[in-house]
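Below is one structure, written out as structure tokens; comments come after it.
The values are calculated or read from the model by the stated rules, or taken from the named source; none is laboratory data. Just so we're clear, the structure is a prediction, and the values are computed from it rather than from any experiment. Cβ sites come from the backbone with ideal geometry, for glycine too, and all protein chains shown count toward neighbours. Heavy atoms of the whole protein, side chains included, go into the accessibility calculation; ligands, DNA and RNA do not. Shrake-Rupley method; radii C 1.70, N 1.55, O 1.52, S 1.80 Å.
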Amino acid sequence: MRIRLGPDGVHLFDRQSGLNVLLDEITPPEHAWSAAPRQVSIAVTNACDLACSYCYAPKHRAVLEVSHLLSWMDELDQAGALGVGFGGGEPTLYRHLPEVCVHAAENTDLAVTMTTHGHRWNADLISRLRGAVNFVRVSVDGVGSTYERLRGRSFAQLRAALDAIAADFEWGMNSVINKDTVGHLDAIAALAAEHGASELLLLPEEPTAGTPGAEQETLGALGSWVLAYAGPVPLATSADAALGVPIADALPGEVGLRSYAHIDASGTARTSSYAPSGVRIGEGGMKVWHGYGTEHSMNLKMIGHFADADEARAAVDAIAILAAAAEAERDAGRLEYGEPPRLFSDELLAALSEVSIHSLGYADVEQFLYDAKVQLDGSDVVVQTDEIDVIAYIKVLVAKGAKVEMYSRHDHETGVGGQ
């Protein structure tokens, strides 16, 4: 039984059964709180043999050095993390996967989970992972021909893979919800129940360079479906999903990096897998999170109220264009964290001209590399971030005609507008 101390009390966790017990009548002193995030997802490789259009994972070649990964898991275990979740890319393409899972099972108290498309789970892999993996998450977006169109793989082969996984592992289904899959929710839930899933994780599509993310109509339909759901498989969703339905939060005091962190396949620690920036893990190992977590803790929510949805969409599009331009500047070596450019490149000037934003200074551009979640909510644009430097976002929202409201969610559960 794993014991974790935190702001909500004493958390007992058994990785074999998945049992969680919170002794909230006990208040541990802050200096005794477990230092590591409760859960850390780790992209072991960027390689994937699928090409889903809405995938947000990085596409450059990267794979984790196994010796580093084993060392990081040991550190996370000693610092009080409860589990690691392997992903990618496709984690079964990582040749050291059985080795690192067995290491975690035999040398740490960490629970091991992973997210996979499921199509590479043959008898050999299953035999090597049996007893070393506590929970498997299989990504299933739509059913039948919709699944085959989106995933490019046989739906019949998927069903066979689900049976093979379910025979030896506790498992759950992940489903990206977008305009293509929202109409399949009943069938997705039935598929999960038929193959013995213990959880159905619903993930509204995140915006990427090529897709806008789940539209408000899709989110509304998903929220209505969740409220009417009466099936046997428990539902779950991501912590920041805006479904408009009640969501249980057993550990409200564990927010930000106390709750979750991500390590990408390049060895960069991030506040989430969607975060555009992070801190490279060096010789200091996972101790990077102690400083990074203290620095990034504002939990800000900014809401730009626009006259109509078209104006709000224009602001979201402008932020996306500027974020892509900032990433291109970084990749070209013209923009580094903490060192704003002295001159704008022609490419960056072209992006600023495209969105008709002329108030950004040199130091503002870097802010589009920070971890921020931007969502369109009708005629509002909602920006959530742990950063304090957000003037670039304010300038864009104001330039596009917004009335801006901002507050820290540490101190206010809702804003002036009731958001």
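Numbers for the structure displayed
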quantity: In Hz, Karplus ³J(HN,Hα) per residue of the range 175-182 (6.51, -1.76, 1.60; θ = phi - 60°; x = Gly, Pro); calculated: 9, 6, 9, 9, 5, 7, 9, 4
quantity: Shape of the range 108-255, Cα gyration tensor, a/c cut at 1.5; calculated: oblate
quantity: Folded to 0 to 90 degrees: helix 216-228 orientation relative to the chain principal axis, Cα; calculated: 40
quantity: Mean accessible surface per residue for the chain, computed with a 1.4 Å probe while every protein chain stays in place, in Å²; calculated: 47
quantity: Label-point separation in nm, Tyr274 to Glu336, each point 7 Å along Cα→Cβ; calculated: 3.1
quantity: In the range 27-70, the trypsin sites (Lys or Arg not before Pro) that fall in loop regions by DSSP, at most 15 other Cβ within 10 Å; calculated: Lys59, Arg61
quantity: Value at 222 nm in deg cm²/dmol, rounded to 500, when DSSP H runs of n ≥ 4 in the chain each add -39,500 (n - 2.57); calculated: -9000 deg cm²/dmol
quantity: Partnerless cysteines, meaning none of the other Cys C-beta atoms lie under 4.7 Å away, in the chain; calculated: Cys48, Cys101
quantity: Prolate/oblate/rounded label for the range 1-138 (Cα gyration tensor, a/c 1.5); calculated: prolate
quantity: Global geometry of the range 1-46, whether rounded, prolate or oblate, following the gyration tensor of its Cα atoms and the 1.5 cut on a/c; calculated: oblate
quantity: Convex hull volume of the range 61-172 per residue (C-alpha atoms, cubic angstrom); calculated: 104
quantity: Difference of contour (0.36 nm per residue) and Cα-Cα distance, Leu125 to Met1; calculated: 41.9 nm
quantity: Helix 185-194 axis, angle to the chain major axis (alpha carbon atoms, nearest 10°); calculated: 20
quantity: Projected label distance in nm at Leu50 and Ala228, using a 7 Å step from Cα toward the beta-carbon; calculated: 2.7
quantity: By average C-beta atoms within 10 angstrom, highest first, the peptides 228-235, 379-386; calculated: 379-386, 228-235
quantity: Read-out P(r) over Cα pairs in 20 Å bins from 0, in percent, derived from the coordinates shown; its label in [x] 19, 24, 19, 14, 18, 6; [y] 24, 59, 17; [z] 23, 44, 27, 5, 0; calculated: [y]
quantity: Listed residues Gly88, Ile3, Ala324: farthest to the positive end of the dipole of the chain (Cβ charges); calculated: Gly88
quantity: Rounded to 5, the percent of DSSP beta bridges in the chain classed as antiparallel; calculated: 55
quantity: Qualifying GluC sites (Glu not before Pro) in the range 1-95, DSSP loop, other Cβ atoms within 10 Å at most 10; calculated: Glu25, Glu65
quantity: Principal-axis tilt of helix 309-331 within the chain, Cα atoms, nearest 10 degrees; calculated: 80
quantity: Distance histogram for the range 129-204 (every C-alpha pair counted, 10 angstrom bins, percent rounded to whole numbers); calculated: 20, 55, 23, 3
